[in-house]
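**Q** Once you've had a glance at the structure underneath, I'll fire off some questions.
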Amino acid sequence: MSTLGNLLLVIALIVSVMTGVLYFMSWNKKKDTTVLNKYAEFGIKTIFAILTLSELLLLIALIADNYTLQYVYQYTSNETALIYKITALWAGNAGALLIWAWICSLLSFLLIKIKRPGLKELVPQAMPVMLLVNILFIVLIFSANPFTPAAMPYTNGHGLNPLLENIAMILHPPLLLIGYVLLAVPFALAVSSLIQKRTDSLWITEARPWALLGWLFLGAGNILGMWWAYVELGWGGYWAWDPVENSGLMPWLLATAFLHSSLMEKRRNSFKIWNYVLIIFAFNMTMFGAFLSRSDILESVHSFGSTAMGPAFLVFLIISLGVSLTLLIRNKKLYKTTSEEDSFFSSDTSFLLVNVLLSLSTFATWVGTMYPFFSEILTGRRIEQTKAFFQTVNVPLFVILAVIAGIGIMFDFKKKSAKEMKLDILVPVLVAIAASVVMAFIGWTKWYVIVSGFAFFYMIASTIWKWIMDIKTAASGTNKTVFEALGNLFKTNRPRYGSYLAHIGIAIMALGIMASTVFPESESNTLAIGESLTVSNYEITFDGMQLSMDQIPEGGGMGNKINYYAFYDVTKNGKYVGRITPHRSFYRSQAQWVSEIGIRSTLIDDIYISLDDWDDNTSTISVKVNPGVLWIWIGGIILVLGGLVAFSKER
Amino acid sequence: MKSKTIVISSVAVAFAIAVLGYAYFMGDNAYYYEVGDFLSQTVEQQMHNTKVNGTLLSEERDKNSVAFVLTDMNDESLVLNAYYEGSIPDTFKIGNEVVAAGKYDPNTATFIANELIVKCSSKYEPAV
């Protein structure tokens, strides 16, 4: 098994290098390169086939409990459920690298399979970039290899950490990985366009669907990770500004900017340099993130620990950034765009500001993330920035961004004067003011909450108002009903209304994040049966514990999992709302405790109970009341839906 | 250069500089040490907000508080006594790498942590 796996990897590496050379040779314009291209395409297909085989081989080993592989021993056991045997494919560093290489080869394969004339023109110069990424990951696999033979003959494996046995953990890692790799495609197309010295926007047209899909996967992956941290880890939060979390956020921010900015190039033939810069940094940020989690230059809870992969990543980053930026600077004059718009009040300005604000947010997040590294070099003392830093620098940017998004959507890419838009701005502003007043009435009177609340409400109100106006325009003069008109709009312009949904989603998320960051309340205490704890307007009464055992093996004895349930009756403002049952389970084979938080979510707030300790008559709990958390998940779902709607047509 | 570009880029540059300045001067930041390095600091510096990284050597729990000992990852003879109150992460287990965030209390000669961070279980590669 091990030999076969390694053999496949070696062949994949050799074919990748050879295919790269073939593509370089095919650039020669003087010769007929049809045959060369055929061979090169055959190479791409071969790499994809071989890596698919490797992936299948590992999958078979995992499912069949083949403990001759160290990786199988580490991440599964005879008792592991089938689904988690499959997800063990990406549970460890070595497996994740193989998946990365495989997805990359799949995308390369799709690039030659998709019959689009535009793509065909760009592929010969784009493919070496994809191959370079592929080669990097295959080389890295040799230093963390899933096909390494086991240290000794095992009869049972160590098993997956039970903390990861959760639906979000099945999806979160592959979504992020796919998102990361997808961003390689628009980057490769951009480099191709730069090498060809193209002045048209062909690469933008071809790159947008890939970028949108990458953005979508990254966004969904991040949101699922937040949700998992919230429901599983028990600290009541969902984002810790950890370096590895930040490296999932930064490429997403830049990809968001690219999606907006590239729209301007499509529509108005402007922002050409911006688009190159944004995609270059978005992609390289994904590689930088992969580097961070595999080196020890920063401390992260997600870190793979110190590995020998740092230098390989650095070399790749230097080549990738160096070559792409050099090409861009060399061709700079080709991409100078002169915009006819110089007035401040224009769609041009609003899009420019979107680019600037999102880039600044990425920069500020990067500074905070890298601060310990640089401070140690410069002062000898490692200094970390806390959550407060990241929040303070990012919140103002996003508040301004929300206002810009609200105004910007009214322009419709047209020239409009402030006068024409008076009503379109005034109505949503009034709605947002009304919403902010309501907020102040329920006691959220901190000035920065009112200001940011206003901005996010304005963004939502403005988007909805614009939507209503569009429907009115579409329905006027026809005898269609409002709903028919709405349906028609969706049919005819999915990218636009997908983006409206995404705007509403992100603003709702922002409101949820704001509420749950500023106004959580927490309390912890030890309760005897019948005793109560009051947090905010909730009263929690302890009603005893129960012990249960799972999976009792045939012939009796103890099961692997022992569960301790604690019962709490909860009233809100004196009214009974239900029973919450946090529990803790002990997995005997891994000697690992797993806490299940008891959560009751409502649109207003979540009550969140973590069972910390217990004895015969008492239990110790930490209780948090987190307002608005549900809105984060609702907004997240709307955001992803919006992306899907937009993508369904963008292809 | 158009006036718009000039205005926007200068505001952006000003913001970027402000971010750096904020990080440097105002930041509610924390020092980061391995156990050994932390022990060699002056008491005054130890009382600053700090994150200490070490291996969990022993722990004694009482309800939702825990008194524990961290050792330096390279030198087991260097130890730090610490105390934490709150929900204890499931992965807080002897032998695991732990980051304790908090401040040193010279009166009790104990590091009072307000946050415990254990290396993410997903990447926890078991000792073989």
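The values are calculated or read from the model by the stated rules, or taken from the named source; none is laboratory data. In this text, all values refer to a predicted model and were calculated from it rather than measured experimentally. As a convention, Cβ positions derive from the backbone with ideal geometry for all residues, glycine included, and neighbour counts pool all protein chains shown. Calculation scope for accessible area: heavy atoms of the full protein, side chains included, ligands and nucleic acids excluded. Shrake-Rupley method; radii C 1.70, N 1.55, O 1.52, S 1.80 Å.
**Q** Just to be sure before I move on: is A:Ile141 β-branched (Val, Ile, Thr), open to solvent by less than 20 Å² (accessible area, probe 1.4 Å), under 21 Å from A:Lys85 (Cβ atoms) and modelled with pLDDT under 95 in the structure I sent?
**A** It is true that A:Ile141 is β-branched (Val, Ile, Thr), open to solvent by less than 20 Å² (accessible area, probe 1.4 Å), under 21 Å from A:Lys85 (Cβ atoms) and modelled with pLDDT under 95.
**Q** Report whether or not A:Pro174 is under 30 Å from A:Trp227 (Cα atoms), away from chain B (no Cβ under 11 Å) and at pLDDT 85 or above.
**A** So A:Pro174 fits the description; yes.
**Q** So which of B:Asp90, B:Asp105 ends up being within 11 Å of chain A (Cβ to nearest Cβ) and out of contact with any Gly (no Cβ under 6 Å at 6 or more places or on another chain)?
**A** Going through B:Asp90, B:Asp105 in turn, just one is within 11 Å of chain A (Cβ to nearest Cβ) and out of contact with any Gly (no Cβ under 6 Å at 6 or more places or on another chain): B:Asp90.
**Q** Can you name the condition, by its number, that B:Ala16 falls short on among (1) under 17 Å from A:Pro372 (Cβ atoms); (2) part of a helix (DSSP H, G or I)?
**A** Tallying (1) under 17 Å from A:Pro372 (Cβ atoms); (2) part of a helix (DSSP H, G or I), B:Ala16 fails exactly one: (1).
**Q** Hey, another quick one. Return the residues of the stretch A:437-471 that are closer than 20 Å to A:Leu397 by Cβ and either without any contact (Cβ under 8 Å) to a residue 24 or more places away in the chain or not hydrophobic (A, V, I, L, M, F, W, C) (or both); say none if nothing qualifies.
**A** Those that are closer than 20 Å to A:Leu397 by Cβ and either without any contact (Cβ under 8 Å) to a residue 24 or more places away in the chain or not hydrophobic (A, V, I, L, M, F, W, C) (or both): A:Lys446, A:Trp447, A:Tyr448, A:Ile450, A:Ser452, A:Gly453, A:Phe454, A:Tyr458, A:Ser462, A:Thr463.
**Q** Condition (residue is more than 10 Å from chain A (Cβ to nearest Cβ), among the hydroxyl-bearing types (Ser, Thr, Tyr), farther than 18 Å from A:Ile383 by Cα and assigned to a loop (DSSP other than H, G, I, E, B)) applied to the stretch B:63-80: is it met by at least one residue?
**A** yes
**Q** Tell me whether the stretch A:160-167 contains one or more residues that are open to solvent by 10 Å² or more (accessible area, probe 1.4 Å), within 14 Å of another protein chain (Cβ to nearest Cβ) and acidic (Asp, Glu).
**A** yes
**Q** Here's a check for you: in the stretch A:38-69, which residue that is within 31 Å of the chain's Cα centre (by Cα) and among the β-branched types (Val, Ile, Thr) is nearest to A:Met130 (Cα to Cα)?
**A** A:Ile44
**Q** I'm trying to understand the selection: among the residues of the stretch B:47-90, which are of a type in the set (D, E, K, R), open to solvent by 50 Å² or more (accessible area, probe 1.4 Å) and either touching a residue at least 24 places away in the same chain (Cβ under 8 Å) or at positive phi (or both)?
**A** Once the filter is applied, which keeps residues that are of a type in the set (D, E, K, R), open to solvent by 50 Å² or more (accessible area, probe 1.4 Å) and either touching a residue at least 24 places away in the same chain (Cβ under 8 Å) or at positive phi (or both), the stretch B:47-90 yields B:Glu59, B:Arg61, B:Lys63, B:Asp75.
**Q** Also, quick follow-up: Of the residues A:Asp605, A:Asp612, only one is in contact (Cβ under 8 Å) with a residue 24 or more places away in the chain, crowded, with 22+ Cβ neighbours inside 10 Å and away from every other protein chain (no Cβ under 14 Å); which?
**A** Of A:Asp605, A:Asp612, the one residue that is in contact (Cβ under 8 Å) with a residue 24 or more places away in the chain, crowded, with 22+ Cβ neighbours inside 10 Å and away from every other protein chain (no Cβ under 14 Å) is A:Asp605.
**Q** Okay, moving on. What's the number of the only condition in (1) out of contact with any strand residue (DSSP E or B) (no Cβ under 9 Å at 6 or more places or on another chain); (2) open to solvent by 10 Å² or more (accessible area, probe 1.4 Å); (3) touching a residue at least 24 places away in the same chain (Cβ under 8 Å); (4) farther than 26 Å from A:Gly310 by Cβ that A:Met152 fails to meet?
**A** (3)
**Q** All but one of (1) surrounded by fewer than 18 Cβ atoms within 10 Å (Cβ to Cβ); (2) touching a helix residue (DSSP H, G or I) at 6+ places or on another chain (Cβ under 6 Å) hold for A:Trp631; state the number of the condition that does not hold.
**A** (1)
**Q** Quick test for you: out of A:Thr34, A:Thr68, pick the one residue that is farther than 23 Å from A:Val139 by Cβ, surrounded by fewer than 23 Cβ atoms within 10 Å (Cβ to Cβ) and in contact with a strand residue (DSSP E or B) (Cβ under 9 Å, 6 or more places away or on another chain).
**A** Selected residue: A:Thr68, the only one of A:Thr34, A:Thr68 that is farther than 23 Å from A:Val139 by Cβ, surrounded by fewer than 23 Cβ atoms within 10 Å (Cβ to Cβ) and in contact with a strand residue (DSSP E or B) (Cβ under 9 Å, 6 or more places away or on another chain).
**Q** Can you pull out every residue in the stretch A:308-347 that is at pLDDT below 85, open to solvent by less than 50 Å² (accessible area, probe 1.4 Å) and out of contact with any helix residue (DSSP H, G or I) (no Cβ under 7 Å at 6 or more places or on another chain)?
**A** A:Ser346
**Q** Considering each of B:Val19, B:Val43, B:Val7 in turn, give the residue that is more than 23 Å from A:Ile297 (Cα to Cα) and at the interface with chain A (Cβ under 9 Å from one of its Cβ atoms).
**A** B:Val7
**Q** What about A:Tyr84, is it assigned to a helix (DSSP H, G or I) and in contact with a Gly (Cβ under 6 Å, 6 or more places away or on another chain)?
**A** Spelling it out, it is not the case that A:Tyr84 is assigned to a helix (DSSP H, G or I) and in contact with a Gly (Cβ under 6 Å, 6 or more places away or on another chain).
**Q** Being open to solvent by less than 10 Å² (accessible area, probe 1.4 Å) and not aliphatic (A, V, I, L, M) narrows it down to one residue among A:Thr365, A:Thr379, A:Thr386; which is it?
**A** A:Thr365
**Q** Find the residue count for the stretch A:71-103, including only residues that are open to solvent by 30 Å² or more (accessible area, probe 1.4 Å), more than 14 Å from chain B (Cβ to nearest Cβ) and either at pLDDT 90 or above or within 20 Å of A:Pro149 (Cα to Cα) (or both).
**A** So the count comes out to 5.
**Q** Can I ask one more? For the list (1) over 30 Å from A:Ser346 (Cβ atoms); (2) open to solvent by 50 Å² or more (accessible area, probe 1.4 Å); (3) within 11 Å of another protein chain (Cβ to nearest Cβ), I need the number of the one condition that B:Ala30 fails.
**A** Unmet for B:Ala30, out of (1) over 30 Å from A:Ser346 (Cβ atoms); (2) open to solvent by 50 Å² or more (accessible area, probe 1.4 Å); (3) within 11 Å of another protein chain (Cβ to nearest Cβ): (2).
**Q** Give the stretch A:511-528 a look and list any residue that's open to solvent by 50 Å² or more (accessible area, probe 1.4 Å) and at pLDDT 95 or above, or say none.
**A** Matches in the stretch A:511-528: A:Ile513 only.
**Q** Looking at this structure, is A:Gly234 at pLDDT 90 or above and either within 12 Å of chain B (Cβ to nearest Cβ) or open to solvent by 20 Å² or more (accessible area, probe 1.4 Å) (or both)?
**A** no
**Q** So which of A:Val399, A:Val393, A:Val429, A:Val403 ends up being open to solvent by less than 60 Å² (accessible area, probe 1.4 Å), modelled with pLDDT of 90 or more, within 10 Å of chain B (Cβ to nearest Cβ) and in a helix (DSSP H, G or I)?
**A** Among A:Val399, A:Val393, A:Val429, A:Val403, only A:Val393 is open to solvent by less than 60 Å² (accessible area, probe 1.4 Å), modelled with pLDDT of 90 or more, within 10 Å of chain B (Cβ to nearest Cβ) and in a helix (DSSP H, G or I).
**Q** In the stretch A:38-72, which residues are out of contact with any helix residue (DSSP H, G or I) (no Cβ under 8 Å at 6 or more places or on another chain) and either not aromatic (Phe, Trp, Tyr) or not in a helix (DSSP H, G or I) (or both)?
**A** A:Lys38, A:Ala49, A:Leu56, A:Ile60, A:Ala64, A:Gln70
**Q** Kindly list, by first and then second residue, each pair from a residue in the stretch A:619-642 that is in contact (Cβ under 8 Å) with a residue 60 or more places away in the chain and away from chain B (no Cβ under 14 Å) to a residue that is part of a strand (DSSP E or B) and polar (S, T, N, Q), limited to pairs with Cβ atoms under 7 Å and residues at least 6 apart or on different chains.
**A** Partner pairs satisfying both residue conditions: A:Val629/A:Ser601; A:Leu630/A:Ser601.
**Q** Next question, about the same structure. Among the candidates B:Val52, B:Val35, B:Val118, B:Val98, single out the residue that is modelled with pLDDT of 90 or more, within 16 Å of A:Trp235 (Cβ to Cβ) and within 14 Å of chain A (Cβ to nearest Cβ).
**A** B:Val98
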